Amino acid sequence: MRSGTVLVMLALAGVLAATASASARPVTAQDRVLLARPATSEEKIAQSVAERLTGHPDVSVRCGATGIPDPSVLGVTPIANGHAFDYFLMRPAECTYLAWFHQAPKRWDPRTCVPTDCKTAIDIIWAVETVAHESYHLLGYTNEAQVDCYGMQSIWFVATRLGASVPEAQAMAAFFAQRIYPLRRVETPTYWSPQCRDGGAYDLRPASHSWPS
C-alpha cells in the first residue's frame, strides 16, 4: 500500500469507525410497506449474500427508513418476542456501497485505493460488515458484542461473494479488525468484547489462526 493511502485510511478510520452500528427493534407497519415492494437490484445483491451466510433460502433485505433516527445506525433487524424474522433493513447508502463494490471490487481495495477513493472504501467495508452483522441477528443471536464479532469474522465471506479476491477480502477484514474494531471499546462498548480475538470465546474458527478471516 502506498504511504499516502495508509495515512488517509488511518485518518478516516478514526473519524468513521466508532460511530456506525446496527440495532434491533420491534416490527413496524413501515417494515411491511418496504417488504411489500419488489427488491431492487442492490437489495437483491445483499439478499443473495445473506442467504448464503445464514443458510436461509427466503431472506429479504430492504434499504430504506430503518425506523431509528440515529444516523449512525446502518442496519436493523426487527425482533418480536425474542424472535428474528427473515429480513433486515439497511440505510439506502449501504445498498449503494454494496453495488459499487460489486461492480468494481479492486477499486476499493484498502491496500491500494487512491486517496480520493479511500473514504468510500471504508464506507464499503462498513456496508459489507453490516450485511454480515445483520445476518447473524437473523440466525437468532441478540448479544451485540457477539454479533459484531461474528460479523467482523465474516467480512471476507461477504466480500468474496460480491466479487473480491480472497486476498482483498482478507485485507478488508483485517482493516476492520485492526483499525476500526479497537475503537469500539471506547466509543460503542456494547459492540466490543475482550472475547473477540483469535482463540477467544467468540472465535468462529478456533482451529485457524488467520484472524479474523
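Points worth noting:
- Test: SER213 is outside any loop (DSSP other than H, G, I, E, B), of a type in the set (Ser, Thr, Tyr) and either in contact with a Gly (Cβ under 6 Å, 6 or more places away or on another chain) or touching a residue at least 60 places away in the same chain (Cβ under 8 Å) (or both): no
- Any chance ARG184 is basic (Lys, Arg), within 21 Å of THR54 (Cα to Cα) and crowded, with 18+ Cβ neighbours inside 10 Å: no
- A single entry from ALA93, ALA99 fulfils the requirement of being over 23 Å from ASP148 (Cβ atoms), outside any strand (DSSP E or B), aliphatic (A, V, I, L, M) and at pLDDT 90 or above: ALA99.
- Qualifying residue in the range 71-78 (condition: exposed (fewer than 15 other Cβ atoms within 10 Å of the Cβ) and under 18 Å from PHE157 (Cα atoms)): no
Residues are listed down the side, and each one gets a yes or a no for (1) more than 26 Å from PRO26 (Cα to Cα); (2) in a helix (DSSP H, G or I); (3) at pLDDT below 95; (4) not charged (D, E, K, R):
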site	(1), (2), (3), (4)
ARG107	yes, yes, no, no
THR116	yes, yes, yes, yes
ILE122	yes, yes, no, yes
TRP126	no, yes, no, yes
THR142	no, no, yes, yes
CYS149	no, yes, no, yes
ALA173	yes, yes, no, yes
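- Extreme residue, nearest to the chain's Cα centre (by Cα), among residues of the range 151-180 that are of a type in the set (Ser, Thr, Tyr) and surrounded by fewer than 22 Cβ atoms within 10 Å (Cβ to Cβ): THR160
Yes or no, residue by residue, for (1) modelled with pLDDT of 50 or more; (2) buried (at least 19 other Cβ atoms within 10 Å of the Cβ):
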{"residue": "VAL8", "(1), (2)": "no, yes"}
{"residue": "ALA20", "(1), (2)": "yes, yes"}
{"residue": "ARG32", "(1), (2)": "yes, no"}
{"residue": "SER48", "(1), (2)": "yes, no"}
{"residue": "LEU53", "(1), (2)": "yes, yes"}
{"residue": "ASP58", "(1), (2)": "yes, no"}
{"residue": "ARG62", "(1), (2)": "yes, yes"}
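The values are calculated or read from the model by the stated rules, or taken from the named source; none is laboratory data. Owing to the predicted nature of the structure, the values given are computational and were not obtained by experimental measurement. Reconstructed Cβ throughout: ideal geometry from the backbone, glycine too, with neighbour counts over all protein chains shown.
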